[in-house]
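Working notes for the structure below.
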Amino acid sequence: MWSLADSIFQLSILKGGTLATAMTAIGRRSKVSSRQAAIEQDVRRQLARELHDRVAQTLTGMLVDVENFKTEQVGWKDVVKQMDIVQDSTREVLMAIRQLLHDLRGEDELGASFSDSVRSLIARFQDKTQVPVELEVKPDWPDALAAPAFLNMYRIIEEALSNVRMHSRARSVRIILEPRPENELAIVVRDDGRGLDTDQSRPMGFGTLGMKERALLLGGQVEIDSEPGRGTTVQAVFPRRRLVPQDLSRSLELVIA
């Protein structure tokens with residue numbers, strides 16, 4: 001039976017090279033394989049986050065709504081109204097899947113400003129939950145964000161609102177987009193619900209993990225502050241230079257220079 005050393009030696013002879021040349025070629029191939037494996041792992045993680053945030057959360061919300069509806073005493077008009085909600089949520093899932101397929105083809109386009117997109121998200125949330133949401137955009141919040149920043153920050157807010165809808169029983173929510181000292185930008189989502197168990201010894205939920213991973217992709221971090229009966233605050237803080245297109249261009253110019 002041929003050993004690995006025999007195979008390497010024969011390969012070097014067939015190629016007319018030395019043993020060192022053969023070993024170098026194998027090393028390069030190994031590095032390429034490692035990089036490819038890392039890229040594939042990143043793609044799997046991103047796909048898992050997108051499926052959770054765009055599809056799984058909506059389907060879970062639909063199930064919760066249907067279960068709650070089954071316990072209520074309602075008339076025909078209420079049934080029709082609930083069916084309309086389920087129908088709208090089904091359309092939302094289909095749109096999310098189509099958009100995800102669109103994104104996987106590398107054709108993602110972000111038209112509206114970030115604050116306008118958040119307002120649209122809030123409007124849909126309020127229609128479903130009847131929970132009022134206040135949005136405050138502080139002065140000097142950037143007019144434009146880089147595409148990766150736009151998407152990941154939007155998903156963080158979306159996940160925070162999804163947690164409010166399914167877990168908090170909040171009566172109101174406040175979202176703040178604000179610049180911070182040290183050239184940072186922050187997103188704050190605060191509710192007045194029943195609070196969460198933030199015990200670090202408990203396994204982290206997939207939604208929370210997804211928010212933290214999205215923040216790390218932008219060089220930021222997410223902190224969740226909550227106590228039973230005192231509501232929950234989700235705070236995400238990012239370096240401005242990683243979010244704003246002009247700042248990204250300046251960083252590239254410095255690197256090239």
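The label-point distance for residue 48 and residue 126, in a model that sets each label 7 Å from Cα toward Cβ, rounds to 3.6 nm.
Of the peptides 125-136, 146-157, the order by per-residue mean of other Cβ atoms within 10 Å, starting with the highest, comes out as 146-157, 125-136.
Along region 232-237 the Karplus relation, 6.51 cos²θ - 1.76 cosθ + 1.60 evaluated at θ = phi - 60°, assigns HN-Hα couplings of 9, 10, 9, 10, 10, 10 Hz to successive residues, with x for each Gly and Pro.
Around residue 187, with a cut-off of 12 angstrom between Cβ atoms, what is the net charge of the other residues, counting Lys and Arg +1 and Asp and Glu -1? Neighbourhood net charge equals 0. Of the three principal axes defined by the Cα atoms of region 114-257, the extents in descending order read 53, 35, 24 Å.
Quick note: the coordinates plus some simple rules give every number you see, no bench work behind them. The structure presented is a predicted model; accordingly, all values stated were derived computationally and were not measured. Neighbour counts are summed over all protein chains in view; Cβ atoms, including those assigned to glycine, are modelled from backbone coordinates with ideal geometry.
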